[in-house]
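Enquirer: One structure, as structure tokens, below. Some questions next.
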Amino acid sequence: MNLVVVSNRVSRGKPNEPMTGGLAAALLPIVEKSGAIWVGSSGRVRDGNQKEPFAEIEALGAGALAMLDLPAAHYGGYYEGFANSALWPALHSRADLIRASHEDYLSYREVNAFMARALLRFRKADSAFWIQDYHFLALGAELRDLRVTEPIGFFLHTPWPARSVIGGVPHHRELVEAMLAYDLIGFQTEEDCENFLAYAQADLGLVVHDGVIISRYGRTRAAVFPIGIDPQLFAQLATKASTHPDVSRLRRSLNGEKLAIGVDRLDYSKGLINRIKAFDRMWTLHPSLARTVSLLQIATPSRGAIEAYGNLQSEVARLVSDVNGVHGEVDWTPIRYLNKGYGQAVLAGLYRTAQVGVVTPLQDGMNLVAKEYVAAQNPVDPGVLVLSKFAGAANELDTALLVNPHDIDGMARTIAIALSMPLTERRMRWEAMMAKLRGHTIQQWFADFTDALRESQLDRSELAPVLAEHPLWPLRSASNNNARYH
């Protein structure tokens, strides 16, 4: 199988460079070792109509990276518009934050169509395409419209919400119908998968049997493939990072006090406001913990041009200032708040330094920070993971201290418990979580999905003659001056 992996952005992934997200960190080692081609945005845009999409290609281990300049006229509507102001809030069950115009939707579809045309240059006889995440829900349908009959799989890194929430997305029915062009759709959790199947059955009126959706497009299998990390590699990074200047300075600055750590993109789904309020409440309920524990919160700015993100950045900064003003001393800062990213090599050392990892999203597909924190711990003296029960990782890391991120007092009490947990219990919980990480690695995730996609080739081959004569994905509307979408 000649695998072409597609995502919105591509990471070169140098060890000391900040990672832009969990997806990039997860895909990098896969591409390096498998020989896959990873196609995505270069981060640049181009004006005008491109007859041939421009791609900058460079080797990455056994594989390659192909970075495309996306069309300037549509990028804003596609990325900041429909993808991150309509789909992202909906997928994280924040229907109240959905904002998108019809023009945004058209731009989203145009970029999906542009990417489909670009992918044709990487198509070979034994190709298979693996599309990543919500930016490209319709890419499979665009590829089918170009007569691509090879296997096309899709993996959603975010949650998939209940029917009532996804129903708030403009053009939701058309988008989900387009998703049925995929042979295989992967989800992080059983709940996500069940929500999608329920929509297909109830809202589209389709036959669903044993995870397979039967539609006029053929068969689409929906299944669960929880994404993992390379725990052995991360443990090695954590050990080596002990001498890194940033890690060494942090340890010296603690003066014997304990440390809790949070590492997140600055996003409303991550629960940062509630987390900071929980620490405020903890120091109020347990004054003895003042000067004995601080929080290092790394919050990398994200999507600042979107109003909800700009408002959040201001609110978090104000709240941190307020909490530090109330609980701080002339020689002690309760919350160390940083708006910059770190490479994985440094992060591993920071995780290992902290006695408590705090991962408390309001909603998250998986959250690889939770897994990285566990993998980075010292086996002899491991820290404690405080984890939101609404993160996909909670399904596997069930010996973490699970919390409801909406319960501020409950989180405050749990963080205090984590700080005082005996070594024997810490080891027991950590060993159980490490066993889960070793059994569900990033390599296993890759193998499970690609094996399932390979199996789907048999189903698709039966439909190939039909596709050649009668396209099953008619995306153009004759009633609208041949307009592409309606």
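Enquirer: Which of rounded, prolate, oblate describes the range 277-427, given a ≥ b ≥ c as roots of the alpha-carbon gyration tensor eigenvalues and a/c under 1.5 marking rounded, otherwise prolate only if a/b is larger than b/c?
Expert: On the way: a/c = 1.43, a/b = 1.12, b/c = 1.28.
Because its axes are fairly even, with a/c under 1.5, the range 277-427 counts as rounded.
Enquirer: From the convex hull of the Cα coordinates of the range 299-378, what is the mean projected area in square nanometres?
Expert: Values: hull surface 27.3 nm².
If you wrap the Cα atoms of the range 299-378 in a convex hull and average its projections, you get 6.8 nm².
Enquirer: Between the range 262-288 and the range 363-387, what's the alpha-carbon centroid distance in Å?
Expert: 17 Å
Enquirer: Can I ask one more? Going by amide H atoms built from the backbone, whose H comes under 5 Å of the H on Arg44, apart from near neighbours?
Expert: Leu70
Enquirer: Once Rh for the range 155-276 is found with the Kirkwood sum over Cα pairs, what is the Stokes-Einstein diffusion coefficient at 20 °C and 1.002 mPa s, in µm²/s? Write out the running numbers ahead of the final one.
Expert: Details: Rh = 18.1 Å.
Translational D for this selection: 118 µm²/s.
Enquirer: While we're looking at this one, here's another question. Could you tell me which of rounded, prolate or oblate describes the range 334-387, using a ≥ b ≥ c as the square roots of the eigenvalues of the alpha-carbon gyration tensor, with rounded for a/c under 1.5 and, failing that, prolate when a/b is larger than b/c and oblate otherwise? Write down the numbers at each step before the final one.
Expert: Numbers: a/c = 1.39, a/b = 1.12, b/c = 1.24.
Rounded, because the longest to shortest axis ratio a/c is under 1.5.
Enquirer: For His209 and Arg336 in one chain, what is 0.36 nm times their gap in residues minus the Cα-Cα distance, to one decimal in nm? Mind dumping the intermediate values first?
Expert: Details: separation 127, 0.36 × 127 = 45.72 nm, distance 5.12 nm.
Residue separation times 0.36 nm, minus the Cα-Cα distance, leaves 40.6 nm.
Enquirer: Okay, moving on. Nearest 20 debye, what's the magnitude of the dipole of the range 356-434 about its Cα centre given +1 on Lys and Arg Cβ and -1 on Asp and Glu Cβ? Display every interim value, and only then the final one.
Expert: Numbers: 6 positive and 9 negative charges, 19 e Å.
Charge dipole of the range 356-434: 100 debye, to the nearest 20.
Enquirer: Still on this structure, I have one more. Could you pull out every residue, at least 5 positions away or on a different chain, whose amide H is within less than 5 Å of the one on Gly228? Hs are placed 1.01 Å off N in the peptide plane, and Pro or chain starts have none.
Expert: Hits under the 5 Å cutoff: Ile442, Trp445.
Enquirer: Then there's this: Within the chain, what whole-number % of the accessible surface is contributed by carbon and sulfur, with the 1.4 Å probe and all protein chains included in the calculation?
Expert: On the way: 9870 of 19610 Å².
That fraction is 50 percent.
Enquirer: Which GluC sites (Glu not before Pro) does the range 55-137 hold that lie in a coil by DSSP with at most 12 other beta carbons within 10 Å?
Expert: On the way: sites: Glu56, Glu58, Glu80, Glu103, Glu110; in loops: none.
For GluC sites (Glu not before Pro) across the range 55-137 that sit outside H, G, I, E and B with at most 12 neighbouring Cβ atoms in 10 Å, the list is empty.
Enquirer: Sticking with this structure for a sec: Please list, ordered by chain and number, the residues whose modelled amide H lies under 5 Å from the amide H of Trp130; skip anything fewer than 5 residues away on the same chain.
Expert: Here Val4, Val5, Val6, Gly153 satisfy the definition.
Enquirer: Please say if the range 348-428 is rounded, prolate or oblate, where rounded means a/c under 1.5 for a ≥ b ≥ c the square roots of the C-alpha gyration tensor eigenvalues, and otherwise the choice is prolate for a/b larger than b/c and oblate otherwise?
Expert: Numbers: a/c = 1.83, a/b = 1.25, b/c = 1.46.
The shape class here is oblate.
Enquirer: What is the extension gain from Ala447 to Arg44, computed as 0.36 nm multiplied by their sequence separation minus the C-alpha to C-alpha distance, in nm to one decimal?
Expert: On the way: separation 403, 0.36 × 403 = 145.08 nm, distance 3.21 nm.
Between Ala447 and Arg44, full extension yields 141.9 nm more.
Enquirer: What percentages, rounded to whole numbers, describe P(r) for the chain computed over all alpha carbon pairs with 10 Å bin width beginning at zero?
Expert: 4, 19, 30, 25, 14, 6, 1, 0
Enquirer: Here's another thing I want to ask about it. Calculate the FRET efficiency for Leu146 and Arg291 from the Cβ-Cβ distance with a Förster distance of 45 Å, rounded to the nearest 0.05.
Expert: 0.10
Enquirer: Can you give the percent of C-alpha pairs in the range 262-301 whose distance is more than 11 Å? Intermediate values should be presented prior to the final figure.
Expert: Details: 517 of 780 pairs.
In whole percent, the long-distance tail amounts to 66.
Enquirer: With 14 Å as the cut-off, how large is the P(r) tail for the range 128-212, expressed as percent of Cα-Cα pairs? Write down the numbers at each step before the final one.
Expert: Working: 2242 of 3570 pairs.
Tail of the P(r) past 14 Å holds 63 percent of the pairs.
Enquirer: Heavy-atom accessible area per residue, the chain, 1.4 Å probe: how many Å²? Write out the running numbers ahead of the final one.
Expert: On the way: 19610 Å² over 486 residues.
It amounts to 40 Å² per residue over the chain.
Enquirer: What ratio of Cα Rg to 2.2 N^0.38 Å holds for the range 409-457? All intermediate terms of the calculation are to be shown ahead of the outcome.
Expert: Details: Rg = 18.2 Å, N = 49, 2.2 N^0.38 = 9.7 Å.
Rg over 2.2 N^0.38 Å, computed on Cα atoms: 1.88.
Enquirer: Just from its helices, what would the mean residue ellipticity at 222 nm be for the chain, if runs of 4 or more DSSP H residues each count -39500 (n - 2.57) and the sum is divided by every residue, rounded to the nearest 500 deg cm²/dmol? Don't skip to the answer; put the middle values down first.
Expert: On the way: 17 runs with 202 residues, N = 486.
For the chain, the value works out to -13000 deg cm²/dmol.
Enquirer: Provide His92, His74 ordered by accessible surface of protein heavy atoms (probe 1.4 Å), highest first. Can you show the working numbers first?
Expert: Values: His92 10, His74 55 Å².
Final ranking, largest accessible area leading: His74, His92.
Enquirer: Here's something else I'd like to know. For the range 43-124, what D do you get in µm² per second when you plug the Kirkwood radius from alpha-carbon pairs into Stokes-Einstein at 20 °C and 1.002 mPa s? Please list the in-between numbers first.
Expert: Values: Rh = 14.0 Å.
Using the Kirkwood radius from Cα pairs, D works out to 153 µm²/s.
The values are calculated or read from the model by the stated rules, or taken from the named source; none is laboratory data. Here the structure is a predicted model, which means the values were calculated and not measured. Please note: Cβ atoms are built from the backbone with ideal geometry, for glycine as well, and neighbour counts cover all protein chains shown. Accessible surface is based on the protein model in full, side chains and every heavy atom, while ligands, DNA and RNA are left aside. Shrake-Rupley method; radii C 1.70, N 1.55, O 1.52, S 1.80 Å.
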